[in-house]
Every structure is written in structure tokens, then in C-alpha cells.
């Protein structure tokens, strides 16, 4: 797909999304407050990288309670076609949390977030800033795979929204990374395209948000990797600062 096709698709999806904003509780762009940006951060030479207090394989009590609340979810139409609910995984004490769009075929099969080709690339991105997948938490805006990997629909986002909000509240990371359009727009409550959002810190309930391109986009457009690397360097430098 060419860059022109990507732009056309993004504009078409953006127009559709505008029409549905009220259904998922997002302000229209004309009413939305400006996304706060933070200055470039230069860590002092003596500051060492902040790390999670502990690494836990699955979930702490807060996350376990949220998973129990989800149960065998039948709250939206995606339940009819899924194989597994993809709750997300990682450290309950994570200082860095990634929020993607939706599970794909590999994720639906295994019940784990970001385990396909895009997930393998995400692993490399995480390792490039000196962390591992066990250090972070990875989740999606919705927890069931849409048919044929189509975009999430507003009613599906609304159904899953309380659970992702609860996960973030339980983990309280220092930084949230919104992967791609849906992850970034959900966190920042905006319909601005990811091409305009990426690279600037925003805010979600007092937590720093870095929007960046989705790994699946990078598989189609390798030239975007330099932008993601710049974004992740900003995240790394943020985490090196004292909390």
C-alpha cells in the first residue's frame, strides 16, 4: 500500500470516527482541549534508569479482580467470533504500559497480547530501550479480535472501556504508550490522526502519554521506524528521571 493510500484510508476512517465520537464519549475536535506537550527532557548524567519494583509473570490482585469481572464476556458482538479474551499481560508494577488496538489472529489463538509479527517487533522496540516484556504491561483498547482484523467499532470500544481504565488505574504506570491511531486516540480522547499526535507527550489522568506508530504499521512502512525510535528515546529518558 502506498503512502497516498494510507493517507486516504486515514482520512476516510477519521471521517467515520468523527461521526461516532459521541457514542464513545469523546469530545469532537473543535471542542477538545489542546493536547498538552512536555518539553524535551534531558536526564542528568548521574540518574539511572527507573525500573519496576518487581517482575511478576501474570497479574497482581487488582488485575486478577478485573479479569474475574470480565469473566466470559458477552457484552458486545465480538464475543460470538472470538476464541479467547486477550486481557493483556506483564508486570502489575510496570512503569511503562503499552496500549494497542485489538487482538489479531495469533493473539486470539493464544489469548496473549502482541504475540504475532507485530508483537515480535514490539519486543525488539522494548528491548531497544533496555527493558524486557516482563518489565512492562501490554494491553489493547478492546480485548476480543474483530472479524478479519477490521477496525474496532464504537460500541465495542465502549464495552471494553471500563476494563482498560481499571487496568491502568490498578497498574498506575509512569508512562503510557499509545500504539497507533486507536490506542493514542483512546488515551488522549481526541480524533487527531496519529501522524500529528506522535512524538509529543500528552496526558491521561496525570500519566504521561506518548503516542507512536503501531508495530503493524512499521511492518508495512519500515521508514517509520526512525520516528518510533525517537519517540521511545523520549520515553526512555522520561523513565530515567526521578518519579
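The values are calculated or read from the model by the stated rules, or taken from the named source; none is laboratory data. Since we're looking at a predicted model, the values are computed, not measured. Glycine also receives a Cβ, built like all others from the backbone with ideal geometry; neighbour counts cover every protein chain displayed.
Observations
- Test: residue in region 114-135 that is within 22 Å of residue 208 (Cα to Cα), touching a residue at least 12 places away in the same chain (Cβ under 8 Å), touching a strand residue (DSSP E or B) at 6+ places or on another chain (Cβ under 9 Å) and surrounded by fewer than 17 Cβ atoms within 10 Å (Cβ to Cβ): yes
- Residue identified as buried (at least 22 other Cβ atoms within 10 Å of the Cβ), at pLDDT 95 or above and under 19 Å from residue 91 (Cβ atoms) among 168, 138: 138
- Any pair with Cβ under 6 angstrom, 6 or more apart, that starts in region 196-224 at a residue that is surrounded by fewer than 20 Cβ atoms within 10 Å (Cβ to Cβ) and ends at one that is modelled with pLDDT under 95: 200/37; 203/36
- Odd one out for residue 129 among (1) over 18 Å from residue 67 (Cβ atoms); (2) within 14 Å of the chain's Cα centre (by Cα): (2)
- Yes/no for residue 185 being crowded, with 18+ Cβ neighbours inside 10 Å and at pLDDT 95 or above: yes
- Test: residue in region 87-108 that is out of contact with any helix residue (DSSP H, G or I) (no Cβ under 9 Å at 6 or more places or on another chain) and part of a helix (DSSP H, G or I): yes
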